Amino acid sequence: MNYLGKDVQLKVVGTRPIRPDGVEKVNGRAAFGADVAVSGMIHAKVVRSPHAHARIKSIDTSKAEAVKGVSAVITGADLPDIPSEEAFVGEGPANFREMSHNVIARDKVLYDGHAVAAVAATSAAIAEEAARLVEVEYEVLPHVISVEEAMADGAPVLHDDMFTQGVDPKPTKASNIAKRVEFKLGDSNAAFAKADVIVERQYKTQPVHQAYIEPHACVVSYNPDGQAQIWCSSQGQFMVRAFCAKLMGMDIASIRVMPMEIGGGFGGKTLVYLEPLALALSKKSGRPVKMVMSREEVFRGSGPTSGGTINVKIGATKNGRIVAAECETILQAGAFPGSPVGPACMTAFACYDLTDVTAFGYDVVSNRPKVAAYRAPGAPISTFAVESAVDELAQKLGMDPGKFRLINAAKDETKAAYGPTLKNIGFVETLEAAVASQHYTSDLGEAPKGKRRGRGIASGFWFNIGGESSGATYVNEDGTVTVVSGNPDIGGSRASMGMMAAEVLGIEVERVRTIVGDTASVGYSFLTGGSRVTFATGMAVTQSAEEVRDDLCRRAALIWEIDVDAVEWRDGHAHPAGENAGKFDPLSLSDIAAKSGRTGGPISAKSSINAQGAGPGYATHICDVEVDDETGHVAVLRYTAVQDVGKAIHPAYVEGQMQGGAVQGIGWALNEEYIYNKDGRLDNPGFLDYRVPVASDLPMIETVLIEVPNPRHPFGAKGVGEVPIVPPMAAVANAISSATGLRMPNLPMSPPRVRAALDAAKA
């Protein structure tokens, strides 16, 4: 059923109730991964490589095993040597053999921080002491950190059996280029002849951390009967179950995963790092095992997003029409293939209605941690380059950059280079709102002496996804309702699921409690990622609530002894459907629940779906900056995010997603990067040296919600969590260009880099 008709008055959806998990998170009662404790539990620590690339000649664990209190020590030999198997898992493609070798090294270590052994003991201190006694003999090998180094002739090859996919003829020589992808529409090469103005430039970005506050943590108990329980913070309990089963050679049914609260993920918790190790240690010791990463381990041993090099060429006519566009994106995958180069190419030009466009890219391995997803994986990287070039093109044409984008904006029935014909999109609406906003039309004001001010605008796209989801609705004896979701709550899904169920049932949202079920209490659900949960799991929950509502009508018909077609549900009550149905007082949900034993038993419904039709997301951001000539410091003075959100189920959560994505993108633009020394070791593995924005760095992020409902969702929802991180880097770069007259093609645009550019311009 669609609840968006003109005659439908929504009473819950679109309101701003208090978040259901807020009190426990404020008072400290919420239980996260590291908060779990079970009887007989021991603690484990990981031994990690100090080298970026080295052959493991030998591992001697005898001294560690001799330490009093040590219960088990494992190396790669304790995990099954599984065959190569490709699958689309998490938020991208993966190979289970490579995943296993990333969890713990076998013959070679491939990055600083690569796990080589793990020790479990009666205390974390003993485990740490024993871990230092594990003796590993290495043969240090040459390493490569950047994509340029990795692709160079004569570069050390990380994997002797890796031959570039997606090229014809297939290479016969191994290299660090794992794959080539391409999306094409028309003939961009020929179309450049039509252009009056062409911008061609190279851009570079650095790998950045998702900056989730809670480190990776888990507790695992392997029972003598072969059954295992896992308590962990992740973006998908079913994902953890499937990965651990594969990597440990277990049946999926033998593993039960209990999802804990998650202190941020943003894509960084869509893989497993500790859980298989804890399983192996628990099996070997016969005790439950707890593992918690330190902050340094998170930086050195888990995946950041990619960095890379992007080459962009765009041509336009004098009247402002883009006629040709090309983008080459080369992304770091880290130690194993699997960078988001596909999505980067898919999204690069998706904001524009183009007939001749080519986007291609390369997935390149290097001696860094295997990358993980980060909000709209790949899209911020290619979009930074494209939106910077679009801005420069508008500048050369003497056109307003917002209006230039409007001339070329994708709209309904635009054919995207990556395949689909776009429908029900609100990109034009975001641009119109941005260009007409008080922010965009206001005066920047005079900059203080020694400083310069500028304004930038940029847009972004994410395709959003649906996928497999499960939900259930249970009516309790007193008429309250429990909703069970199969997805961890990162962006407010408890609230949105409860609100949609309440809307369907016509009751106050305060009477609905939403919980996240473990893998044994709710049907399979794909992970929380890709901006899918409110859309996909929301559809499953809505369907289960509708089945409950229909059952309530059936129960009322039994009580009144009339035909079920003569009953209608309104405002949380069963009513006779017209005068001919009989004269009965309305029955509330509570009334019917109290009589459920006499009308058929408990009232509940479950729904499992494979949701299709996720509407794509678009955003346009405006940024004002002030650049200090002396220091190169860039201060963000004002920032506005405008986004097509479909129908905002809980507007406050939607605004929070938009603000959070904008802040993360600003950090990516101005400060954040992994810094490696000449030995391939990470020099800034912590928030003291890895600089993320704090509240005092930024103004309040202003938000404008554009609601172009998605007709494929009963309440019109579109994913909102991915898109906000896509435009910020270009918006900031374009603002800096407006202030200084200089293009900053490399991220981050940190004070030393800005100062160097200013000095070079003076020379």
Fill in: Residue check, GLY632 within 30 Å of LEU552 (Cβ to Cβ), in contact with a Lys or Arg (Cβ under 8 Å, 6 or more places away or on another chain) and part of a loop (DSSP other than H, G, I, E, B)
no
Worksheet item: Tally time: how many residues in region 197-232 are more than 30 Å from the chain's Cα centre (by Cα), more than 29 Å from THR329 (Cβ to Cβ) and either buried (at least 18 other Cβ atoms within 10 Å of the Cβ) or of a type in the set (S, T, N, Q) (or both)?
Response: 3
Worksheet, complete the sentence: For region 704-740 the number of residues that are farther than 24 Å from LEU431 by Cα and either polar (S, T, N, Q) or free of Cβ contacts under 8 Å to residues at least 60 places away in the same chain (or both) is 1
Worksheet item: Applying the selection to region 73-92, what residues are surrounded by fewer than 18 Cβ atoms within 10 Å (Cβ to Cβ) and in a strand (DSSP E or B)?
Response: GLU86, ALA87, PHE88
Worksheet item: Counting just the residues of region 154-172 that are of a type in the set (Val, Ile, Thr) and surrounded by 14 or more Cβ atoms within 10 Å (Cβ to Cβ), which one comes out nearest to GLY334 (Cα to Cα)?
Response: VAL157
Discussion item. What's the total number of residues in region 404-420 that are aliphatic (A, V, I, L, M) and closer than 15 Å to TYR618 by Cβ?
Written reply: 4
Fill in: Selection within region 249-303 - within 17 Å of PRO224 (Cα to Cα) and among the aliphatic types (A, V, I, L, M)
MET250, ILE252, ALA253, ILE255, ALA278, LEU279, ALA280, LEU281, VAL289
Worksheet entry | Pair list, Cβ under 7 Å, 6 or more apart: region 346-373 residue farther than 19 Å from PRO93 by Cβ and outside any loop (DSSP other than H, G, I, E, B), other residue among the basic types (Lys, Arg) and at pLDDT 95 or above | THR358/LYS184
Worksheet item: Out of curiosity, is ALA717 closer than 20 Å to LYS423 by Cα and either surrounded by fewer than 24 Cβ atoms within 10 Å (Cβ to Cβ) or out of contact with any Cys (no Cβ under 8 Å at 6 or more places or on another chain) (or both)?
Response: yes
Practice prompt. State all residues of region 139-150 that are buried (at least 18 other Cβ atoms within 10 Å of the Cβ) and either in contact with a strand residue (DSSP E or B) (Cβ under 8 Å, 6 or more places away or on another chain) or closer than 27 Å to PHE183 by Cβ (or both); if no residue qualifies, say none.
Written response: ILE145, SER146, VAL147, ALA150
Practice prompt. Report, by residue number, each residue of region 576-604 that is in a strand (DSSP E or B) and within 24 Å of VAL8 (Cα to Cα).
Written response: PRO576, LEU587, SER588
Discussion item. Looking at (1) under 18 Å from GLN657 (Cβ atoms); (2) in a helix (DSSP H, G or I); (3) in contact with a strand residue (DSSP E or B) (Cβ under 6 Å, 6 or more places away or on another chain), which one does MET499 not meet, given that it meets all the others?
Written reply: (3)
Worksheet item: For region 51-66, what are the residues that are surrounded by fewer than 17 Cβ atoms within 10 Å (Cβ to Cβ), not acidic (Asp, Glu) and not in a strand (DSSP E or B)?
Response: SER62, LYS63, ALA66
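Each row is one residue, and each column tells you yes or no for (1) in a loop (DSSP other than H, G, I, E, B); (2) surrounded by fewer than 24 Cβ atoms within 10 Å (Cβ to Cβ).
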| site | (1), (2) |
| --- | --- |
| GLU477 | yes, yes |
| THR514 | no, no |
| ASP518 | yes, yes |
| GLY523 | yes, yes |
| THR537 | no, no |
| GLU546 | no, yes |
| LEU552 | no, no |
| ALA574 | no, no |
Worksheet item: Does ALA44 count as within 30 Å of GLU128 (Cβ to Cβ), part of a loop (DSSP other than H, G, I, E, B), in contact with a Lys or Arg (Cβ under 8 Å, 6 or more places away or on another chain) and small (Gly, Ala, Ser)?
Response: no
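Can you tell me which residues in region 153-207 are of a type in the set (A, V, I, L, M) and free of Cβ contacts under 8 Å to residues at least 60 places away in the same chain? Give the derivation first.
Within region 153-207, the first condition is being of a type in the set (A, V, I, L, M), and the residues that meet it are 155, 157-158, 162, 167, 174, 177-178, 181, 185, 190-191, 193, 195, 197-199.
Hits for region 153-207 are ALA155, VAL157, VAL167, ALA174, ALA193.
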Response to the item:
Residue pairs within 8 Å by beta carbon, gap of at least six or interchain, first lying in region 4-21 and at positive phi, second surrounded by 11 or more Cβ atoms within 10 Å (Cβ to Cβ) and modelled with pLDDT of 95 or more, listed first then second, are GLY14/LYS647; GLY14/ALA648; GLY14/ILE649; GLY14/PRO651
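Filter region 301-322 down to residues that are at pLDDT 95 or above and either crowded, with 22+ Cβ neighbours inside 10 Å or at positive phi (or both), then give me how many there are.
15
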Worksheet entry | region 9-35 - residue that is of a type in the set (A, V, I, L, M, F, W, C) and under 25 Å from the mean Cα position of the chain (by Cα) and, of those, surrounded by the fewest Cβ atoms within 10 Å (Cβ to Cβ) | VAL26
Item to complete: Could you tell me whether any residue of region 29-48 is without any contact (Cβ under 8 Å) to a residue 12 or more places away in the chain, of a type outside the set (Phe, Trp, Tyr) and over 27 Å from VAL240 (Cα atoms)?
Response: no
Discussion item. Filter region 343-378 down to the residues that are polar (S, T, N, Q) and over 20 Å from the mean Cα position of the chain (by Cα) and list them by number.
Written reply: THR355, THR358, SER366, ASN367
Worksheet item: Quick one: in region 93-114, which of the residues that are under 21 Å from the mean Cα position of the chain (by Cα) and not hydrophobic (A, V, I, L, M, F, W, C) is surrounded by the fewest Cβ atoms within 10 Å (Cβ to Cβ)?
Response: PRO93
Worksheet item: Can you name the condition, by its number, that ASP60 falls short on among (1) in contact (Cβ under 8 Å) with a residue 60 or more places away in the chain; (2) farther than 22 Å from VAL219 by Cβ; (3) within 31 Å of the chain's Cα centre (by Cα)?
Response: (3)
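The values are calculated or read from the model by the stated rules, or taken from the named source; none is laboratory data. As the structure is a computational prediction, the values presented were derived from the model and not from experiment. Note that we place each Cβ from the backbone using ideal geometry, even for glycine, and neighbour counts take in every protein chain shown.
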